[in-house]
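A short worksheet on the structure shown next.
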Amino acid sequence: MKVKVYTIGGKTRGSIELPEFFEEEVREDLIKRAVIASQSSRFQPQGVDWYAGKRTSAFSVGPGRGVSRVPRVKGHHHPTSGRGAIVPQAVGGRTAHPPVVEKKIKKRINRKEKIKALRSAIAATAKKDLVLRRGHRAENAPSIPLIVEDKLETLKTTADSKKALEKLKVWEDVLRAKEKKIRAGRGKMRGRKYKGKKSLIIVVAKDEGISRAARNLPGVDVVEAGKLGVEDLAPGTHCGRLALYTKRAVSVLAERLGVKG
């Protein structure tokens, strides 16, 4: 696949032959498995205190008293007059089936499948129908994927990065990501009231200031090609993220994935 290379001013400067994985079949099933495997590796095992709900002197008086054999805290007048304790159905009792740290919460994926998923996720960024289906506003983008000169990596200020994205006609997608949505459900009470959107991803060979220049742009991520993962290209398991590659980044990806490019 041969595409044009653009300057940060939005003008054409030559062309480049993209590596073969940009034309690979998009395997959405593999991409989803790879993202879930990446997410699950960050999960923290959860369990309960072994003695939770059991720190009490309650005991059962046994049968023949005309009451249930629930362990009870000693009452003032009679051993059967106290409130129930320890058992799951009692207030303050133990949990019936608590989570255990032994539970297998990490999903795994084979190494070759993971590589295949990364190649597939990169290929998805080169398909305009998938990019638009994901909700990105890239109708006016001069090319998908967008290949830009290496000078982009050296931008230092937000104003410079904004100007470059405007010239490349993808600024509209950044404005789309600025809109926030209030989360449904209990998550509003747990420090994550608002849901943000993902905008474009800038893939560079070496970060020489661009991450600082783009850090205040809503939804924009900057990733070095050597560290690029499936989760970066398919947030939430949905492939087809609007991507902007520098010319050197394409070469790094080709070398990393072992193909000529």
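Readers should treat all values here as calculations from the given coordinates under stated rules, not as data from a laboratory. Nothing here was measured: the structure is a model prediction, and the numbers come from that model. In this analysis, Cβ positions are derived from the backbone assuming ideal geometry, glycine residues included, and neighbour counts consider all displayed protein chains.
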Between the alpha carbon centres of the range 42-91 and the range 114-151 the gap in Å comes to 60
Any GluC sites (Glu not before Pro) in the range 16-106 that lie in a DSSP loop and have at most 11 other Cβ atoms within 10 Å would be Glu25, Glu102
Name the most mobile residue of Ala225, Ala184, Ala164, meaning the one with the largest mean-square fluctuation, in a Gaussian network model of the chain with Cα contacts below 10 Å. Ala184
Before rounding to the nearest 500, sum -39500 (n - 2.57) across all DSSP H runs of length at least 4 in the chain and divide by the residue total; then give [θ] at 222 nm in deg cm²/dmol. -7500 deg cm²/dmol
In degrees, nearest 10, the alpha-carbon axis of helix 158-167 is tilted away from the dominant principal axis of the alpha carbons of the chain by 60
Could you check which residue among Arg119, Arg241, Arg111 shows the biggest mean-square fluctuation in a GNM of the chain with a 10 Å Cα cutoff? Arg111
For the chain, longest principal axis from Cα atoms; helix 247-256 axis from its Cα atoms; angle between them, nearest 10 degrees, is 60
With the chain treated as a Gaussian network of Cα nodes joined by springs under 10 Å, which of Lys193, Lys247, Lys151 yields the largest mean-square fluctuation? Lys193
Using bins 5 angstrom wide from zero, how does P(r) for the chain break down, in % of all Cα pairs? 1, 6, 10, 13, 13, 12, 8, 6, 5, 4, 4, 4, 4, 4, 3, 2, 1, 0, 0
With DSSP loop assignment and no more than 16 other C-beta atoms within 10 Å, the chymotrypsin sites (Phe, Trp or Tyr not before Pro) in the range 41-146 are Phe43, Trp50, Tyr51
With a 32 Å threshold on alpha-carbon distance, the violating pairs from Lys151/Lys188; Lys156/Lys195; Lys32/Lys163; Lys4/Lys198 are Lys151/Lys188; Lys32/Lys163
At what distance in nm do the modelled label points of Asp129 and Met189 sit from each other, each positioned 7 Å from its Cα along Cα→Cβ? 4.6
Using Cα pairs under 8 angstrom and six or more residues apart, how large is the relative contact order of the chain, in percent? 23
Using only the Cα atoms of the range 198-260, construct the convex hull and provide its projected area averaged over every direction, in square nanometres to one decimal. 4.3
Step through the residues of the range 232-241 one at a time and calculate ³J(HN,Hα) from phi using the Karplus curve (6.51 cos²θ - 1.76 cosθ + 1.60, θ = phi - 60°), rounding each to whole Hz and writing x for Gly and Pro. 5, 8, 9, x, x, 6, 9, 7, x, 6
Between beta-carbons, use under 15 Å as the cut-off and find the net charge around Arg248, counting Lys and Arg +1, Asp and Glu -1. -2
Between Ile182 and Arg55, the two model label points (7 Å from Cα along the beta-carbon direction) sit apart by a distance in nm of 3.9
Over all pairs of distinct alpha carbons, what does the Kirkwood formula give as the hydrodynamic radius of the range 47-103, in Å? 12.3
Neighbour-limited loop hits for GluC sites (Glu not before Pro), the range 150-210 (at most 14 other Cβ within 10 Å; DSSP other than H, G, I, E, B): Glu179
Could you give the angle, 0 to 90 degrees to the nearest 10, between helix 111-124's Cα long axis and the longest principal axis of the Cα atoms of the chain? 50
